[in-house]
Structure formats: C-alpha cells, structure tokens
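The values are calculated or read from the model by the stated rules, or taken from the named source; none is laboratory data. These numbers were taken from a predicted model, which means no experiment stands behind them. Positions of Cβ are generated from backbone atoms using ideal geometry, with glycine treated the same way; all protein chains shown enter the neighbour counts.
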Amino acid sequence: MKKKFKLILIILFLVFSATRIAFSQSLSSGELIRNAKEYDGKLIVYSGEVIGDVMLRGDFAWVNINDGENALGAWMSAALAKEIKITGNYKSRGDRLEIMGVFHRACFEHGGDLDIHVRSLLKVTNGRMVKENLNFDKVSLSLILLGVLFLIWILTLFKHK
Amino acid sequence: MILKPRLEDLKIIGFYLGKIILGLALIMVIPILIALCFRETNPALDFFISMEISVLLGLLLVKICQTDKDLNWMQGMIVVSLSWVVAMILGAIPLYLSGHWKSFLDACFDAMSGFATTGLTLVQDLDHLSYTHNLWRHLIMFLGGQGIVVIALSFFVRGFSGAFKMYVGEARDEKIMPNVINTSRFIWLVSIVYLILGTLALGITGILNGMKPLNSFFHGACVFMAAFDTGGFSPQSQNILYYHSFAYEVITVILMVLGALNFKLHYHLWMGNRKELIKNIETRTLFITILVTFSIVAVGLAQTGIYPAATMLFRKGFYQLISGHTGTGFQTIYAQQLGTDWNQLALVGVILAMALGGAVCSTTGAIKMLRIGIIFKAFKEDLKRIIMPERAIVIEKFHHIKEVFLEDKLVRSALMITLAYIILYGLGALIGMFYGYPFIGALFESTSAAANVGLSCGITNSAMPAALKVTYILQMWAGRLEFMSVFTILGFLFASLKGK
C-alpha cells in the first residue's frame, strides 16, 4: 500500500513537472509554421497576445494569438475563452496567454486551417488599455503647414487684386 | 528628329497633376472623419499633416502652371503615370507617420501596393494598427481599383476632351457610356452599390461568426474594398484566415469574381442582358483558365498529401487559386506554407493563374482574359488556314458585348501586351534570383507584384533588400497602368535629354 502511494506521488510529480516544463518551453509561430509537418498532431505549448475578437461558436470559440511574429488560430471551449478579458487592438494590449493544445498543420475539422486545439490555458499577464498621448511634434508640424497654407492663400488674394 | 518637350508641355502636365493631387487631398477628409469617430487623435494628425502637404503641393502646381489648354495624348499619359507616383508618395505619408512601417520606402511600397490593388505588404504589427490607418489602406485600394484618374474625372473634372486620354492612360480603353465622364460615374455607381451590399453581407456574417458588431461592419467594409477591387489587404495580420469561417470565404470568392468581371459586362447584366455572361469571350476564357489552373493546383496538392480530404483540398486550393486568378491576393494559409507545404506543381498552377488575371476594364491586373481569348482565337484561325483548302476564306469572330471580327491589329496588340507582361514577370524573377531567392519563389513573388495580385510565398517582408522593394514597386506601377503610360514617360524623359 505504501509502495502504491509512493508510485502515485511520483507519477503526480512527474505529470505536474512535465506540464510545467511544457508550459515553459513555448514554441514560436514561425517555428510551428515552418516545421508544421514535424509538429502535426502533437501536443505543443504556444504563447502570445490575444488579438482582435474572441469569436464564440456555440460551445467553442476561435481566439487568435499573436506571438509577435504571426498570429495563430486557437480553437477552445467557450468556458476557457471566458478567461480572456481584454483583446489586443490599437487602444489596448490583450491578455497574454500560454496555451497547451494539439497543433494541426491542416485541421480536418476546420477545412484545412493551420490551428491549435486548446486543452489548457494559462493567463500569463492581464491585458491593459493603452493611453494615447498626444504627439506634440505632429501638432507643431500641422500648425506650421497650416500657417504656410494660409500665407499662400493671402498671397493669392493679393495677386488677384 | 526627337523634339525636346516645351515649357508649355510641362505647364499643362503640372496643372492637371495639381488638380488630381487636390482631389487626393480631399479624399483624406474621410480618414480624418473616421479618426474623430473612433477618437484616434494621433492618426487624425497624421492625415491632417498629409492633407496639408497634398493641398500645398496641389495648389502650388495649379497656381504656377495655370493654363486653360487641353491635354494631348502624350501629356495625358504623363499626367496619369506621374499621378500614380505622386499618389504613392502622398499616400505613404500618413502610413509612415503611424510608426507601423520601418522606413518611408516601406510605406511607399504599401501605398503603391494599395493604389495598384496588389496587396503585398510590409506593415509591422498590423493587429495594433488604428482603425483610421486601416481604413486608409483599404480605401486606397478602392480608389486605385476604380482608377485615381477615374475619380478625378468623376468628381473634379467637367467635360474636357483630354479626359479620354487620361482614362485610356489608366489602362481602361473601353467606354461603357457614350462619354468618358459618364462611364467613370457608372463605374462608381456599380462600386458603391456593391460596397453597400458586400459590407452588409460580410458584416452580418461577421456578427454570426461571433465578432462585435462595430468591428464586424468595419471589417466588412475593409474586406469588401479589398475583395471587389481585387486588392488583398486585410485588417488583421492573418488575412482571411483570421475569420475561420467558410461563409466568409464563400462571400469573398463571389466578390473577387465580381471584381474580376468587366465593368461593361456589369452594365449589360444590370440592364437584364444575362446571356452576355455566357456568350462573352472573357467569361468563357476565365471559366476555362480557372478549370485548367485549378486542375494543376489540385494535382500538385494531391501529390503533397497535405490535405487528405477532397473538401479540404478544394477549400484551400480553390480559394488561393481564385484569389490569384482574380488578382486579389487574399490568403487562407500562411505565406510560408506556400513554400513549405505546397509543391512546385501547385505553385506553378497559381503562378499561371496570377499571370493571366481577370477581365479588361475591371479592377484586376495581369495579361487579362480578352487578350488570352484573342490569342487562342488567332491560333485557331491559323490552324484552320493550314487544314482547309488554300482557296478557302477563313474568318474568325468572337463575342465581346457584340460580334467582333478577329483582325490582325487586335491580335498584334494582344500579343504585344502579353509579351510585355511576360518580360516584366521574368525581369522581377531575375532580380529576385540575383538576391539569392530560389527560381520558383522569385517568379511567384515577381508575378504577384507585376500582375497586382498580392499572394506571397514569404519573400515580401521588411527585411528584403531595398532594391527588390523598388523593383516590386516599379512592377506594380507598370503592371497596373499596362505599360503605355510608363513607356510614354520614359520617352518623355529621353526626349528631354536628347531632343532638340
């Protein structure tokens, strides 16, 4: 009984460690696309920023995750997608996720798309809204140009007279 | 003896160029309004600055070169070719100011790609680009698809005979209405009607796909402009793959095909003459070339075994093929996949489709269906001459809106343009190979640029050599204008240097 308990503990430890190792060994989108044949059907870890819309499709959702090189489509349960609060666009930086799932070079279920079917998800950082600071160089340049245009208009008026 | 251009020529060219620049400045009001709606301050400033520079340049040209004289053929052609270069530079200013392009050359590349409805892009971090700049990227496709000069003719120029010269210079030699200004307005009417219908269809599909309504309709409008004008830009970095939607793909295929049809054919269809669609040489040729090139792509993809199910093979193969054939450049696969997952046979199928293009007087580039149809008819005529008795009179006809006799001058013109395109595709491929890219990849990218398609196998990126970027810009420009205006400006420069 004691031996069995030890074995269970060791297995649990290994599973937990393996998961941690997998989560820390994230693959880049470029690596996945370039070597799609090699990773096809395998369990992989991928991380990046959620961009655009979380597109709910019944009990599932499409989430596009950008790692700075490319964005990859991740197919996940709607329950997992609920974890996502902010998505990336001009005015915000989206939640950063680390996902573990099965990579498909040409997904049979989704008409040949290159995608990842997500099994688990870890939110690495929360997204945030980006405050747009007024660029004063641009303001100055536009005012100078406006002045030049006004000057030309005045000169044209004089020429007509 | 070659005559040196006179000061009068330069004044006339400058005056009409200035008018077109003022038209372009006026169009920049649209992104400014969008920026105000979405409360995007810095993007609004980018366009305000660009508009001021455009107004300044346009005003100076109009005032300095003030004239009431009309354009002759040479001047009309030069105005057109220069308009596209100036539009590229002015259109690139707001893009560059956004900070999403690494250099001004990259911004110029995207501006030319947009105006010429190509779709190759060097943008950085597209997924965080403002609504305003994204709209501009697609709007310039919409404007370029109709033709920059067509816009000026429709709205800013009132009834001068030089209009037709500029219209022809922009690779549109077919008049739909009796006069060219009404023709330009009809082209706009068709485009606006389809814009409304297409945006609605894509917007509703987007909502059903789970997108937020505002985003959905914004994307709908952008994707429509890129699809109908056979451009190929998209608001997100994954292009059409972003939507993960079969319905979206079907709608965009319909829009791409509509964009690849002759505006004259649209007119006849609108007038209820549906038989024209079946009888027209262009639609018949398009149908045959799609069948042939798709067969090549399908065999190639079947060899690779990447798509084990026929439905998958059809969905991926047909979409990229139609996108290439219509000169759009939408992709539902990653650019690198064309190089890694598709074999050379499949790539050759797409290259052929890209090289052929859509209909004349449409928004597509490349050799075009009418010319391909005429060349095949000429082959058929010559074969008949060989087979039939010497005394037999062989007459070949084709149907393009009306019955047309196949004359030698038509065949010659079709062959000349075809040859010019083949040389252009080849030159770009040679330069690509010079920079170390493999033959098929270099030919693919070169054909895509020169035929104004926009499909990429991964060569086009901001790290590629500057000379290659310039090569592709020149290819997009020459390909969109179908050479005549470009040859004229080269002749003009030669005459300026060597003329007496």
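Listing for the model above:
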| item | result |
| --- | --- |
| First in the stretch B:455-467 and at pLDDT 95 or above and in a helix (DSSP H, G or I), second anywhere and surrounded by 13 or more Cβ atoms within 10 Å (Cβ to Cβ) and of a type outside the set (Asp, Glu), Cβ under 7 Å, 6 or more apart | B:466/B:105 |
| Some residue of the stretch A:90-99 being at the interface with another protein chain (Cβ under 7 Å from one of its Cβ atoms) and touching a Leu at 6+ places or on another chain (Cβ under 8 Å) | yes |
| Residue in the stretch B:245-260 that is of a type in the set (Phe, Trp, Tyr), more than 14 Å from chain A (Cβ to nearest Cβ) and surrounded by fewer than 20 Cβ atoms within 10 Å (Cβ to Cβ) present | no |
| Meets criteria (more than 14 Å from chain A (Cβ to nearest Cβ), among the basic types (Lys, Arg), free of Cβ contacts under 8 Å to residues at least 60 places away in the same chain and surrounded by fewer than 21 Cβ atoms within 10 Å (Cβ to Cβ)) for residue B:274 | yes |
| Complete set of residues in the stretch A:109-135 that are hydrophobic (A, V, I, L, M, F, W, C), facing chain B (nearest Cβ under 10 Å) and exposed (fewer than 13 other Cβ atoms within 10 Å of the Cβ) | A:134 |
| Odd one out for residue A:76 among (1) aliphatic (A, V, I, L, M); (2) in contact (Cβ under 8 Å) with a residue 40 or more places away in the chain; (3) facing chain B (nearest Cβ under 10 Å) | (3) |
| Residue in the stretch A:58-79 that is closer than 22 Å to residue B:217 by Cα and modelled with pLDDT under 95 present | yes |
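Listed here are the residues, each with its yes/no results for (1) within 12 Å of the chain's Cα centre (by Cα); (2) closer than 12 Å to residue A:46 by Cα; (3) part of a strand (DSSP E or B).
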site	(1), (2), (3)
A:84	yes, no, no
A:100	no, yes, yes
A:109	no, no, no
A:112	no, no, no
A:117	no, yes, yes
